[in-house]
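Quick note: the coordinates plus some simple rules give every number you see, no bench work behind them. Worth saying up front: this structure is predicted, and the values here are computed from it rather than measured. Cβ atoms come from the backbone with ideal geometry, glycine included; neighbour counts cover every protein chain shown.
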Amino acid sequence: MPRSNIYVVGGGIAGTMTALSLQRRGEKVTLIDRWEPGHARAASTDYNRVIRAISGRDEFYTRWARESRQRWLELQSESGQNLMYECGALILATKGHCDWEDATEDTFNKVGVPYYKYSRDDVAARFPQFRIPDIDYALFEPEAGMLMAHRCMLTAINLFKQAGGIVKRGRVTTDSSEKPMLDGKPLEADVIIIATGAWAADMFPRTIKPISSIVGINVLYTSTPDGSEDFDMERMPCWIDHGQGSFGLPSSEGSGVKAAVVIPDTIDLDNDERLIRKESLVRTRSYIRHRFPALEGQKVVDSKFNQVILTPDTHFIIDWHPEHDNVLIAGGCSGHLFKHGPVFGEFAAGVASRDYATADRFKLGARKKLSPKESPSGR
């Protein structure tokens, strides 16, 4: 069969993994981005990201996360790069607000995900870094951990190139009918896959903008205490702390302890500086004092600011444009997409090749906010 001419627009995790999957299928793929691969404006940037199967009642994403974990390990073996560290993930269930955590435990039992359920005393004994007077219990997923996000991106790009893929610099916009344009001229290809993350909302004001919102995420990296290894990934897990609206990762490869307190923030994608907000610095330091008393007074050694695009139900979007039958939109919830990257890319590649239709949850159209039990992200 003749090879299809395919353009993938957007070199973040969604676009790169889709391009890699298509190229390995034998297609002729060009990956286009406005900036160099791994650039700091992308939602896929930063040193590391959590990978975990914890998804509330949602068995679909739980299974996808488990499959992606295996694929990341395979890519690590293939590339020889340290892409993933299995330091585990601890989900703290706040007293009186445990719907998502309760649902996750039921799903883990159904799917067969290894986990431990710890009492407050268990957590205090096993992970003394955490101050936890406000939790009821915790779930510990030992095969979870962190992906070295920037390294994952560069590795995936290199594998794509090694497979014969082409990486091209250029800016893709859309005309009044939402048809893709490259540097002001119509983009022509058998298939055009748009995976531009938060930029998709402005590119598709009728199709994507009504079912998405852009949220800024401020992240601080705090120094570990002098002479202490307690906050390194060998001794401390990643964590999710919904009661405090926070998540974080232990120090890895000298990064410092990463903590994010999710504060809804706005951003002008093209004009705003990627600098952390002062109010976020105050809130995050307050959270660190509350949850990690041994880090109080430690200096911030780095910070990151980027954006995520969220759908109301936090499901991804993988669907054909309603007016342009060769345009596939892929993305939609970068808040929990990175860890699913390899499986997301394979699925999107199959839809792009018309091997199968997309899943109902990924279709364009009206979306509604889910309850904490139903939401895969717990939002």
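So here's what we get for this one:
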item: Amide hydrogen neighbours beyond the local backbone of LYS28, cut-off 5 Å, H modeled; result: SER4, ILE6
item: Helix axis angle, 149-162 relative to the chain longest principal axis, alpha carbon, degrees; result: 30 degrees
item: Percentage relative contact order, the stretch 115-243, counting C-alpha pairs under 8 Å, at least six apart; result: 18 percent
item: Modelled FRET efficiency - R0 30 Å, VAL111 with ARG361, Cβ distances, 0.05 increments; result: 0.95
item: Phi to ³J(HN,Hα) by Karplus 6.51 cos²θ - 1.76 cosθ + 1.60 over the stretch 335-351, Hz, x for Gly, Pro; result: x, 9, 8, 3, 4, 7, x, x, 6, 4, x, 5, 5, 4, 5, x, 5
item: Percentage relative contact order, the chain, counting C-alpha pairs under 8 Å, at least six apart; result: 25 percent
item: Alpha-carbon centroid distance for the pair the stretch 225-243 / the stretch 329-347, whole angstrom; result: 27 Å
item: Distant-in-sequence amide H partners of ASP136 (H built 1.01 Å from N, under 5 Å); result: ALA93, THR94, LYS95
item: Among the listed pairs LYS117/LYS369; LYS95/LYS258; LYS117/LYS373; LYS117/LYS339, those beyond 21 Å (Cα-Cα); result: LYS117/LYS369; LYS95/LYS258; LYS117/LYS339
item: Chymotrypsin sites (Phe, Trp or Tyr not before Pro), loop per DSSP, at most 14 other Cβ atoms within 10 Å - longest free stretch of the chain; result: 36-355
item: Radius 15 Å from Cβ of VAL351, net charge of other residues (Lys, Arg +1; Asp, Glu -1); result: -3
item: Fully extended contour minus Cα-Cα distance, from VAL300 to ALA125, at 0.36 nm per residue; result: 60.3 nm
item: Tensor-based shape of the stretch 152-242 (alpha-carbon gyration tensor, a/c under 1.5 rounded, otherwise prolate or oblate); result: oblate
item: Helix 13-24 axis, angle to the chain major axis (alpha carbon atoms, nearest 10°); result: 50 degrees
item: Listed residues GLU27, GLU105, GLU78, most fluctuating in the chain (Gaussian network, C-alpha, under 10 Å); result: GLU78
item: For the stretch 61-144: relative contact order, % (alpha-carbon pairs under 8 angstrom, 6 or more apart); result: 39 percent
item: Set of lysines with alpha-carbon distance to LYS168 below 19 Å, sequence-local pairs under 8 removed; result: LYS28, LYS185
